[in-house]
1. Which of 157, 73 has the fewest other C-beta atoms within 10 Å, and how do the rest follow up to the most?
2. Multiply the residue separation of residue 25 and residue 174 by 0.36 nm, subtract the distance between their alpha-carbon atoms, and state the gained length in nm to one decimal.
3. For the pair residue 151 and residue 74, how long in nm is the line joining their label points, each one 7 Å along Cα→Cβ?
4. Considering only the range 15-177, what is the antiparallel percent among its DSSP beta bridges, to the nearest 5?
5. Using a simple charge model, +1 on the beta-carbon of Lys and Arg, -1 on the beta-carbon of Asp and Glu, nothing else, what dipole does the chain show about its Cα centre, in debye to the nearest 20?
6. Taking the Cβ of each residue in 72, 60, 87 as the centre, tally the other Cβ atoms inside 10 Å and list the residues starting with the fewest.
7. Between beta-carbons, use under 12 Å as the cut-off and find the net charge around residue 107, counting Lys and Arg +1, Asp and Glu -1.
8. For semi-axes √(5λ) of the Cα gyration tensor in Å, several values are listed as [x] 57, 35, 14; [y] 26, 18, 16; [z] 38, 16, 15; flag the one computed from this structure.
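Nothing in this text is a laboratory measurement; each read-out follows from the coordinates by a stated rule. Quick caveat: nothing in here was measured; it's all calculated off a predicted structure. Cβ: placed from backbone, ideal geometry, glycine included. Neighbour counts: every protein chain shown.
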Amino acid sequence: MQSSNRPDVPPPGEQFPFRGVRGMQAVLALSLIAMLTGLVSMAWVAFAEPAWPLLIPAALLLLAAAYLAFLLIQLPAAHITVEGSSLAIYFPGAVDAAIPGANIVSTSLANHRWWQGLGIRSDLAGIVMLATATGVAAQFELETPLRIWVIPRILPIRARRLRVTVREPERLVSRFAAPSLPSGD
């Protein structure tokens, strides 16, 4: 279920912030500078050499730059909150939802590799990755897929398995591990 509004303060419960956020912000800032440089160059050429069709891709580039600026500012607030048996996920522009514990089929640790990329990623086989770093990540298999926006309010994908690169992924996974039964020797 989607939240209706985003509070300034994360909800109470056990917090799991995403790791590597500062590095991801540096990548976003460099990308934003490159996009803005390209945007200024396109506008310059469009006005200097009456090449008005260049304004069409420039407008698209401006929208992409605005989205990157939004992510750059909002990314430090990305987190997962565990309260009771439910999981609340906030990743700016992609997802702000609560997942009831009954919807979590299983949890595991997964290795998020560098070539799988950073940001909102999908392997197109049901795994959606919210990644701000490489390395060990928590992975949830969901009974009912979760809608995640690749492009906010334009392009959604459904996550059957959700991988998140949070701090202390082992502790997050252990929160949803099935309790072991005592052996009856």
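1. Neighbour counts put them in this order, fewest first: 73, 157.
2. 50.8 nm
3. Taking the simple label geometry, residue 151 and residue 74 are separated by 1.6 nm.
4. Details: 35 of 39 bridges.
Of those bridges, close to 90 percent are antiparallel.
5. It works out to roughly 200 debye.
6. Ranked by crowding around the Cβ, least crowded first: 60, 72, 87.
7. So the environment of residue 107 carries a net charge of +2.
8. For semi-axes √(5λ) of the Cα gyration tensor in Å, the calculated option is [z].
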